[in-house]
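Here the structure is laid out as structure tokens; the discussion comes afterwards.
The values are calculated or read from the model by the stated rules, or taken from the named source; none is laboratory data. All of these numbers come straight from a predicted model, not from anything done at the bench. Here the Cβ is made from the backbone with ideal geometry for all residues, glycine too, and neighbour counts use every protein chain on show.
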Amino acid sequence: MIKIGITKEYKIPNDFRTPFTPMQANEINKLEDFSIVCQSSNIRCFEDKEYEKESIEIVENLDDCNIIFGIKEVPKERLIATKTYFMFSHTIKKQLYNRSLLKEIINKKIRLIDYECLTNNGKRIIAFGKYAGIAGAYNTIMGYGKKLKLFNLDRLSHYKDTDDLYRFTSKFKLKSKIKILIIGDGRVAQGAVELLKSFKIIEVNINDYINKDYNQPVYCQLGVKDYMKRKDGKGFEEIEYFNNPESFVSNYQIFSGATNILINAAFWDPKSPKLFEEDNIDEKFSATVIGDISCDIDGAIPCTKMASTIKNPFFDYCIEHREITKPFSKKNNITIMSIDNLPSELPRDSSMFFGKIIKDKILPILKNDENKIIENATITKDGKLTENYKYLSDYVG
């Protein structure tokens, strides 16, 4: 029998998500090989009493659990020695702020399994991209309405879940002439498109987006072949772009003068060209609000100088002085939304989505990991880095 513990989230700013909803925990409890308890929390999107209603025991500590599931990092002083932890550890890129955490995990002989590393045939099994896209697109439109004093939207915390949100957006009339450009075609972008469609914003093709005027909001979605081109002028090949991104340049300038809202939802590699350079931001640059959902600091969007927060979702980029300043402070500033934990704005939906994947795809292979999905995502075991993660030796040395 494997006893699972749901840990409370300690990270500041607060993360309201949970790895399992009360109903999912109840389903796990009924499985032959598992039992589950939930650590008490006053910030979780599902209250303790909701778990108790599903016959899940609420506990103060998880000392007698075999496996502990959380979302974000557990503080090093809260780690329980020799346990197995599932979490987003934010260590695999040698993030300096979590160096001491990984060292403590090794010292306490904890088996660390990182959700980000759970893959099947090279594809991540778990990703919150859709909900980042929904929340990011909504916040960006909210910022545009506030900046231009066109309309006021409530914060996402006003809505219980996406069903509640979409009941509102389906009835809300965006009457302004707005051109919205979405960069990317992955899960994040799909979430952003879903949100725009809920507002009944229509999609137009690239040629019409650039050349036509509309009396209603429209959006255009770009794949990498649409916003990047080869330096030598040859035809675009996606595999070539991902293998040799330095051979390409951005094609964003053809959209620059037509765009009111720019939503960046694309993966960016530091070797890749930026979408535009700071020097390109001039009087012809028409995007007044940018939603940088990908949030790579000084990455594809060079005016993303920092991550914003759920509490303070916006800041302004001053074109004149090339610096950040307080939001909505000047009309010709560019307002940036760059929240780096967007799925937390839709915690109940995100948790439901996340927990279903864990329950259906990860729990069944805990005892029989024949495809090495869990093994390949295990960063530490028995006080050592595993073979796949030996590259972190200098990081924790």
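Here's the yes/no breakdown for (1) surrounded by 13 or more Cβ atoms within 10 Å (Cβ to Cβ); (2) of a type in the set (G, A, S):
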site: T140; (1), (2): yes, no
site: L153; (1), (2): yes, no
site: S157; (1), (2): no, yes
site: S170; (1), (2): no, yes
site: S176; (1), (2): yes, yes
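Note on region 201-239: residues that are closer than 17 Å to N260 by Cβ and either at pLDDT below 95 or assigned to a loop (DSSP other than H, G, I, E, B) (or both) total 8. Residues in region 88-113 that are hydroxyl-bearing (S, T, Y) and free of Cβ contacts under 8 Å to residues at least 40 places away in the same chain: Y97, S100. Restricting region 80-110 to residues that are more than 25 Å from the chain's Cα centre (by Cα) and under 14 Å from Q39 (Cβ atoms) leaves a set whose member that is surrounded by the most Cβ atoms within 10 Å (Cβ to Cβ) is K83. Residues in region 87-118 that are hydrophobic (A, V, I, L, M, F, W, C) and outside any loop (DSSP other than H, G, I, E, B): 9 in all. With the structure loaded, tell me whether S272 is in a loop (DSSP other than H, G, I, E, B), among the hydroxyl-bearing types (S, T, Y), under 24 Å from V193 (Cβ atoms) and at pLDDT 95 or above or whether it fails that test. Spelling it out, it is not the case that S272 is in a loop (DSSP other than H, G, I, E, B), among the hydroxyl-bearing types (S, T, Y), under 24 Å from V193 (Cβ atoms) and at pLDDT 95 or above. No other residue among K175, K171, K149, K160 is over 25 Å from R17 (Cβ atoms), assigned by TED's automatic domain parsing to the domain that holds I261 and in contact (Cβ under 8 Å) with a residue 40 or more places away in the chain apart from K175.
Residues in region 319-346 that are free of Cβ contacts under 8 Å to residues at least 12 places away in the same chain and under 25 Å from the mean Cα position of the chain (by Cα): T325, K326. From the list K53, K3, K11, the one residue that fits, being touching a strand residue (DSSP E or B) at 6+ places or on another chain (Cβ under 9 Å) and among the basic types (K, R), is K3. Going by what's in this entry, would I261 be described as closer than 20 Å to I180 by Cα, in contact with a Phe, Trp or Tyr (Cβ under 6 Å, 6 or more places away or on another chain), of a type in the set (V, I, T) and assigned by TED's automatic domain parsing to the domain that holds I134? Here the answer is yes, as I261 does meet what is asked.
Scanning region 382-397 for residues that are within 22 Å of I80 (Cβ to Cβ) and surrounded by fewer than 18 Cβ atoms within 10 Å (Cβ to Cβ) yields D382, G383, K384, T386.
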